[in-house]
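The values are calculated or read from the model by the stated rules, or taken from the named source; none is laboratory data. The shown structure was predicted, so the numbers you read here are calculated from the model rather than taken from an experiment. Note: ideal-geometry Cβ built from the backbone for every residue, glycine included; neighbour counts use all protein chains shown. Side chains are part of the model used for accessible areas, which takes the heavy atoms of the whole protein and leaves out ligands, DNA and RNA. Shrake-Rupley method; radii C 1.70, N 1.55, O 1.52, S 1.80 Å.
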Amino acid sequence: MGSPPSGFIKQSIIFLKLYIILYISCIPDSTNHLFAAPTIPPHFGSSDISSYELQTLELDGYLSFDNNHKAATDFGNRYNLYPLAVLHPKSVSDISNTINHIFSMGYASDLTVAARGHGHSIQGQAQAYNGVVINMESFQGLEMKINAGELPYVDVSAGELWINILHETLKQGLAPKSWTDYLHLTVGGTLSNAGISGQAFRHGPQISNVYQLEVVTGKGEVVACSENQNADLFHAVLGGLGQFGIITRARISLEKAPKMVKWIRVLYSDFSKFTRDQEHLISSNDQFDYIEGFVFINRTGLLNNWRSSFNPQEPLQASKFNSDGKVFYCLEIAKYFNPDELDFINKKVESLLTGLSYIPSTLFTSEVTYLAFLDRVHVSENKLRAKGLWEIPHPWLNLLIPRTQIHDFAQEVFGNILKDTSNGPIIIYPVNKSKWNNKTSLVTPEEEVFYLVAFLSSAVPSSIGTDGLEHILAQNQRILDYCIEYLPGVKQYLPHYSSQGEWRAHFGPKWQTVLQRKSKYDPLAILAPGQRIFQKGISFL
């Protein structure tokens, strides 16, 4: 059978609206229903009403109501919340009109909205059960425009991937200042969190390198904002987890791009020496351009894995190195340069390495293009995809740990909880809080220097052993429980909680600001339901 005629649909919707109004009017104290959604009779399915309502929208793009399984998945591969519809927008007005329509329905509708970029969320944050998921990658907003003036920048659609921005800006010898380790993510996705990598100690996260934004609020309003225009909304959506608006356009700060990278890895067996050297390097004025670190627990043949792409400075000594059964800490650093600077940069790197306390025989170096260095994780992705090991559960845990608590954390977590094995990379490196804008919604520890520690675990499907999902989740919970009891300054990055009380504790002194911003920009709690901070129809004031 074909679709019902449009006139029939509109008449049906008018009837349903009248019925709802009459039904609500019969409820005692019905005028005070701001935070208590009325119940629609069962024979009028709310999803049917919402579906009919959405079909009346005039869009440049389209809404799909079937075969939306992709919008119910993400990189974490643990949550599968199917939406009622997926919006494939072709314009800002598609996003604005859809949200405004849902807003105008009020609490008579359960519809919520989530923006989905490349689907790299790990806890269902970009999903909307029985709601509308906006496929931001189909959004054909502003064409990418690069300004190469005195303060260079690029204007991009929020659905653009960072790897595409890198390719285009490099054509003019420019590049964004701050990155994530993985570049196949959308601009709107990373700016809604923070966007952190080894450049953050110098430039701060990606949210500290944005000049302007265009945002669609939870009322459907399209607002241009910056530090000087609608500044409260600007700061709210940066690191705002999608709670206050959907970013549709961003103006990103650029700098002159190098052509080559001197890429270095060294190992430590002493955690104190490792952290001391990391903290020294991020505080130095004459510094590397990128600083990260890794923890290796019981890794067999560690250095053999590097020899294909890194050259040991002392091959004979390196060949005798044995990492079996020990915990080692890797300092990964990089210095950017252009080909005509190679001799100078070699001397500079040698000078910068002087005084560091790494194990001498573990100095491994490589020279790669700037593009290859920044897109290094994609190489690993392709290898994992070829083996069918990419689309599996990823129970990741990301923490921000104050400098004064990092040694206690390492002793308990690396020496006790994870002493036997790890199920993926463990990243650890310090950053400078002074490079982060405290006006944004992002929450960080209070100390000037704090560490990102990321447990990037992968679970083997159906396994009930130490590489299985349940074991890794239990391990993560042990780490969180330890932090809650003994290290109160620790904050989650890419946070995930199950109750509003936990969110209140997470935001701490910022909680009242969060409530005020939510009430102002998304008063019906339509946006980002997958974050589980607010629930539509339940008071958050």
Quick one: is GLU412 part of a loop (DSSP other than H, G, I, E, B) and not small (Gly, Ala, Ser)? no
Selection count where residues are open to solvent by 80 Å² or more (accessible area, probe 1.4 Å) and either modelled with pLDDT of 95 or more or in the same structural domain as GLU227 (by the TED database) (or both), scope region 436-445: 1
Cβ-Cβ under 7 Å pairs, at least 6 apart or on other chains, region 476-489 side closer than 21 Å to LEU456 by Cβ, far side part of a loop (DSSP other than H, G, I, E, B): ASN476/PRO395; CYS483/VAL490
Restricting the first residue to region 367-387 and requiring it to be within 27 Å of LEU174 (Cβ to Cβ) and open to solvent by 40 Å² or more (accessible area, probe 1.4 Å), which pairs with a second residue that is aromatic (Phe, Trp, Tyr) and modelled with pLDDT of 95 or more meet a Cβ separation below 8 Å and a spacing of at least six or different chains? GLU367/TRP263; VAL377/TYR182; HIS378/TYR182
Can you confirm whether PHE414 is open to solvent by less than 50 Å² (accessible area, probe 1.4 Å) and farther than 22 Å from ASP467 by Cβ? no
Quick one: in region 284-301, which of the residues that are touching a Lys or Arg at 6+ places or on another chain (Cβ under 9 Å) and in a strand (DSSP E or B) is farthest from SER319 (Cα to Cα)? TYR290
If I go through region 498-513 residue by residue, how many of them are open to solvent by 70 Å² or more (accessible area, probe 1.4 Å) and in contact with a helix residue (DSSP H, G or I) (Cβ under 6 Å, 6 or more places away or on another chain)? 1
Here is a list of conditions, (1) in contact with a helix residue (DSSP H, G or I) (Cβ under 6 Å, 6 or more places away or on another chain); (2) surrounded by 16 or more Cβ atoms within 10 Å (Cβ to Cβ), and ASP60 meets all of them except one; can you say which number that is? (2)
Which one is least open to solvent (accessible area, probe 1.4 Å) among residues in region 274-295 that are in contact with a strand residue (DSSP E or B) (Cβ under 6 Å, 6 or more places away or on another chain) and acidic (Asp, Glu)? GLU292
If the Cβ limit is 7 Å and pairs must be 6+ apart or interchain, which residue in region 334-346 that is aliphatic (A, V, I, L, M) pairs with which residue that is in a helix (DSSP H, G or I)? ALA334/PHE373
Going through region 163-205 in order, the residues found to be closer than 21 Å to HIS235 by Cα, free of Cβ contacts under 8 Å to residues at least 40 places away in the same chain and outside any loop (DSSP other than H, G, I, E, B) are THR190
Only one of VAL210, VAL222, VAL266 is assigned by the TED database to the domain that holds ASP181 and either touching a residue at least 60 places away in the same chain (Cβ under 8 Å) or touching a Phe, Trp or Tyr at 6+ places or on another chain (Cβ under 7 Å) (or both). Can you tell me which? VAL222
Only one of (1) assigned to a loop (DSSP other than H, G, I, E, B); (2) under 19 Å from THR513 (Cβ atoms) fails for PRO258. Which number is that? (2)
Hits in region 447-469 - residues which are at pLDDT 95 or above and of a type in the set (Asp, Glu): GLU447, GLU448
Residues in region 229-242: is at least one free of Cβ contacts under 8 Å to residues at least 60 places away in the same chain, more than 21 Å from HIS506 (Cα to Cα) and assigned to a loop (DSSP other than H, G, I, E, B)? yes
Sole residue being among the aliphatic types (A, V, I, L, M), modelled with pLDDT of 95 or more and assigned to a loop (DSSP other than H, G, I, E, B), chosen from LEU331, LEU356, LEU281: LEU356
